Amino acid sequence: MAAQQALANLLAGLVLLFAHPCRVGSRVRFRAVPSAVSRTGLVVDIGLTYVRVETEDGPALLPNVQA
């Protein structure tokens, strides 16, 4: 049970890497937690557990499950 979130991020990372719903250089919109404010940014890296997005407020790490 403790590894459930980590495994979910890993599996979602594999889906992102193979299905390519977004790519490095894509402009994306996401909901920032906990404020639930919608933000936009540029995807700079897609890893196995996180997507790195450069926003106007600085860099953000999105868990792959949210991406």
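Things worth noting here:
- Tilt relative to the chain, helix 4-19 - C-alpha long axis, 0 to 90 degrees, to 10: 70 degrees
- Surface composition of the chain: carbon plus sulfur atoms hold 59% of the accessible area, using a 1.4 angstrom probe and ignoring ligands, DNA and RNA.
- Averaged per residue, the chain has 72 square angstrom of accessible surface, using a 1.4 angstrom probe with ligands and nucleic acids left out.
- Gained length - residue 19 relative to residue 54, 0.36 nm times residue gap less alpha-carbon distance: 10.4 nm
- Looking at the chain, the trypsin sites (Lys or Arg not before Pro) that sit in a DSSP loop and have at most 13 other Cβ atoms within 10 Å of their own Cβ are 23.
- Formal net charge of residues neighbouring residue 43 (Cβ-Cβ distance under 15 Å; K, R +1; D, E -1): +2
- Zone residues, the range 44-67, relative to residue 5, backbone N less than 20 Å from point 7 Å out along Cα-to-Cβ: 47-53, 60-67
The values are calculated or read from the model by the stated rules, or taken from the named source; none is laboratory data. The model shown is predicted, which means the values in this text are computed figures rather than measured ones. With ideal geometry, Cβ positions are generated from the backbone for all residues, glycine too; neighbour counts draw on all protein chains shown. With ligands, DNA and RNA removed, areas are computed over all heavy atoms of the protein, side chains included. Shrake-Rupley method; radii C 1.70, N 1.55, O 1.52, S 1.80 Å.
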